[in-house]
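Asker: The structure's right below; bear with me while I get my questions together.
The values are calculated or read from the model by the stated rules, or taken from the named source; none is laboratory data. Keep in mind the model is a prediction, meaning the values are calculated, not measured. Cβ coordinates were reconstructed from backbone atoms using ideal geometry, including for glycine residues, and neighbour counts include every protein chain displayed. Heavy atoms of the whole protein, side chains included, go into the accessibility calculation; ligands, DNA and RNA do not. Shrake-Rupley method; radii C 1.70, N 1.55, O 1.52, S 1.80 Å.
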Amino acid sequence: MENFEPEIVAFCCHYCAYTAADMAGSKRISYPPNVKIIRVPCTGKVDAIHMMKAFEKGADGVYVAGCLEGDCHFKNGNTRAGYRVAYVQKILEELGWEKDRLAMITMSAGMGERFARTAREFTEKIKELGPSPIKQFNTDTHQQAAG
Ligand code: FES
């Protein structure tokens, strides 16, 4: 699809990825505006339904960005988030979607460059995959209705 600009939702842990995004900003490291950040107190608070809702609401790609292994401020929220991401990836595959539309990423608060690189790379990956099947379905339906 020409000129496709994906909508990407990033659930970012307050203690790491969100702070890393802030750091990227203060160091003037740019990342694509396609990535919309939702700050969460810990990735352990991100449930499967939140990921699915993001897709339902129009996201072409979703990632959950939490603290490095062993660094979660709530003990194992990032591990639980990783399990949930893997679970939702399986659901996506069963629906015939590409599981790579969803990812779990970890980083520390000081990794502003990593945050920006992740945002760029994930955006590029979703550009290659194209619009989400929900968007494609809506576009096709709209075109059929228009005649
Ligand atoms: Fe960052 Fe749990 S506090 S993932």
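Asker: Ignoring the sites themselves, what is the longest stretch of the chain with no GluC sites (Glu not before Pro) in a DSSP loop and at most 12 other beta-carbon atoms within 10 Å?
Answerer: So the longest stretch without any such site is 70-147.
Asker: Under the classification rounded if a/c is under 1.5, otherwise prolate if a/b is larger than b/c and oblate if not, where does the stretch 75-130 fall, given a ≥ b ≥ c as square roots of the Cα gyration tensor eigenvalues?
Answerer: oblate
Asker: Calculate the all-directions average of the projected area of the stretch 5-82's alpha-carbon convex hull, and give it in nm².
Answerer: 5.1 nm²
Asker: In deg cm²/dmol, rounded to 500, what helix-only [θ] at 222 nm does the chain give when every DSSP H run of at least 4 residues adds -39500 (n - 2.57) and the total is split over its residues?
Answerer: -15000 deg cm²/dmol
Asker: Continuing with this model, one more query. Of all the stretches in the chain, which is the longest one without any exposed loop site, taking trypsin sites (Lys or Arg not before Pro) in a DSSP loop (any state but H, G, I, E, B) with at most 15 other Cβ atoms within 10 Å?
Answerer: Maximal segment without exposed cleavage sites: 76-147.
Asker: Sort the chain into rounded, prolate or oblate with this rule: let a ≥ b ≥ c be the square roots of the eigenvalues of the Cα gyration tensor; rounded if a/c is under 1.5, and if a/c is not under 1.5, prolate when a/b is larger than b/c, oblate otherwise.
Answerer: Because a/c hits 1.5 or more and a/b fails to exceed b/c, the chain counts as oblate.
Asker: At 1.4 Å probe radius, can you tell me the per residue accessible area of the stretch 20-97 in Å²?
Answerer: With all protein chains present, the stretch 20-97 gives 58 Å² per residue.
Asker: Given Cβ point charges of +1 (Lys, Arg) and -1 (Asp, Glu) and nothing else, what value in debye, to the nearest 20, does the dipole of the stretch 5-98 about its Cα centre take?
Answerer: Dipole magnitude for the stretch 5-98 comes out near 420 debye.
Asker: Within the stretch 71-147, what whole-number % of the accessible surface is contributed by carbon and sulfur, with the 1.4 Å probe and all protein chains included in the calculation?
Answerer: Ligands and nucleic acids excluded, carbon and sulfur reach 51 percent.
Asker: Can you give the longest stretch of the chain with no exposed loop site, where a site means chymotrypsin sites (Phe, Trp or Tyr not before Pro) in a DSSP loop (not H, G, I, E or B) with at most 16 other C-beta atoms within 10 Å?
Answerer: Maximal segment without exposed cleavage sites: 75-147.
Asker: Measure out, as a whole number of angstrom, how far apart the alpha-carbon centroids of the stretch 94-128 and the stretch 1-48 sit.
Answerer: 9 Å
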